[in-house]
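What follows draws every value from the coordinates through simple rules; no lab data is involved. Predicted, not measured: the structure shown is a model, and the values here were computed from it. Ideal geometry is used to build each Cβ from the backbone, glycine not excepted, and the neighbour counts take in all protein chains shown.
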Amino acid sequence: MATIIDGKAVGDAILEEIRAQVATSSAAGQVVPGLAVVLVGDRKDSATYVRMKKKACEKVGIRTVSVTLPADISFDELLKHIDTLNTDATVHGILVQLPLPAHLNEELVLNRIVPEKDVDGLHPMNLASLAIKSKLPYMVACTPAGCLELLDRYKIPIEGKRAVVLGRSRIVGIPMSLLLLERNATVTVCHSKSQNLEAVVREADIVIACCGQAQMVKASWLKHGAAVIDVGINAIDDATKKAGYRLVGDVDFEQAKEVAGAITPVPGGVGPMTIAMLLTNTLLAQQRSLK
Ligand SMILES: *[C@@H]1O[C@H](CO)[C@@H](O)[C@H](O)[C@H]1NC(C)=O
């Protein structure tokens with residue numbers, strides 16, 4: 001049976017490392033790292049994510065600035081808020097919780113954040129840095145960075161291995177594939193038009209599932225001993241649960257864990273890592289601002 005990759009434990013260990021660094025930095029009289037969290041509208045799921053992120057900041061001593069805006073805010077008004085945060089020296093990281101209401105162009109909003117405060121790593125400059133191996137300081141997108149961190153902390157070899165990334169989103173699939181390439185893996189990116197998907201996945205030593213389809217990846221798709229990182233968070237009906245649903249990943253975990261060498265559960269796998277990397281990036285931004 002597979003090693004279950006404990007993202008919660010690794011995430012907690014990273015938070016503890018950050019807490020110690022923030023404490024040292026504060027003791028030296030440095031400005032406290034600050035993260036601005038911009039929430040537009042009143043989506044319940046977004047509010048939950050924002051609350052989790054703020055709670056994690058509190059735990060490690062990162063100061064949060066909440067900017068809560070109405071769903072019908074105009075594009076120009078939203079940009080004004082971002083500009084204010086861009087020039088605020090006590091704010092080192094700016095997080096705009098996605099998705100935004102439909103009338104706001106997410107791409108243009110994200111592009112407005114100055115790249116050095118783009119702790120989500122979604123600004124085009126930061127994504128481009130991954131592709132061109134830029135020497136400029138940049139921020140790596142949190143979810144793919146978290147996946148890589150899990151592979152590293154579980155000592156899963158990457159160089160020379162076959163990695164298959166299922167999904168090509170700007171937030172996960174594309175940066176993930178570039179990060180694995182940079183680590184000298186042989187990388188294949190699959191998507192909805194890929195043919196012989198199962199056969200391609202069966203070649204993989206490392207599978208990153210970020211396709212947003214509940215339990216799509218079956219045990220029969222996996223090479224024996226493969227490392228499986230499941231980025232998916234999907235709600236499926238479950239009458240045995242009080243809420244009437246439960247969360248599952250993009251991988252059929254129960255079956256897959258019998259074949260895989262290592263696998264992340266959902267929840268408790270990649271999720272906690274994404275927050276840990278957000279805080280890592282915020283600390284990094286604060287440290288760079290001191291230079
Ligand atoms: C990848 O391989 C190149 C040689 O082609 C090497 O210089 C580089 O250090 C390797 N990258 C990593 C992250 O190991």
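Values computed for the structure shown
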{"item": "Estimated FRET transfer efficiency when R0 is 45 angstrom, pair Val32-Glu258 (beta carbons, to 0.05)", "result": "0.45"}
{"item": "Set Lys133/Lys161; Lys193/Lys223; Lys8/Lys193; Lys44/Lys241; Lys8/Lys59 screened for pairs whose C-alpha atoms are more than 24 Å apart", "result": "Lys8/Lys193"}
{"item": "Whole-number percent relative contact order across the chain, with pairs defined as alpha carbons under 8 Å at least 6 apart", "result": "22"}
{"item": "Share of pairwise Cα separations in the stretch 82-162, more than 16 Å, in percent", "result": "61"}
{"item": "Stokes-Einstein translational diffusion, the stretch 30-115 - Kirkwood Rh over all Cα pairs, 0.890 mPa s, 25 °C, in µm²/s", "result": "185"}
{"item": "Degrees separating the helix 75-87 axis from the principal Cα axis of the chain, which is the longest one", "result": "80"}
{"item": "Glu182/His224 FRET efficiency (R0 30 Å; Cβ-Cβ; nearest 0.05)", "result": "0.65"}
{"item": "The stretch 191-291: radius of gyration over Cα atoms, expressed as a fraction of 2.2 N^0.38 Å", "result": "1.31"}
{"item": "Inter-label distance for Leu69 and Ser134, nm, one decimal - labels placed 7 Å from Cα along Cα-to-Cβ", "result": "2.4"}
{"item": "Over the chain, equivalent-ellipsoid semi-axes from the Cα gyration tensor in Å", "result": "32, 21, 19"}
{"item": "Cβ-based exposure ranking for Glu149, Glu182, in which fewest neighbours within 10 Å come first", "result": "Glu182, Glu149"}
{"item": "FRET efficiency, Gln287 to Thr48 (Cβ-Cβ, R0 30 Å, nearest 0.05)", "result": "0.55"}
{"item": "On Cα atoms only, tilt of 7-27 relative to the major axis of the chain in degrees", "result": "20"}
{"item": "Theoretical gain in end-to-end length, Asp88 to Glu16 [0.36 nm per residue, Cα-Cα removed]", "result": "23.2 nm"}
{"item": "Among Gln255, Gln213, Gln195, residue whose mean-square fluctuation peaks in a GNM of the chain (springs only between Cα atoms under 10 Å)", "result": "Gln195"}
{"item": "Residue order, fewest to most surrounding Cβ atoms within 10 angstrom, among Phe75, Phe253", "result": "Phe75, Phe253"}
{"item": "Cleavage-rule hits (GluC sites (Glu not before Pro)) in the stretch 1-110: DSSP loop, at most 14 neighbouring Cβ within 10 angstrom", "result": "none"}
{"item": "Where labels lie 7 Å past Cα in the beta-carbon direction, separation of Asn234 and Ile4 in nm", "result": "2.1"}
{"item": "Cα-projected label distance for Asn105 with Lys80, points at 7 Å along beta-carbon direction, nm", "result": "2.0"}
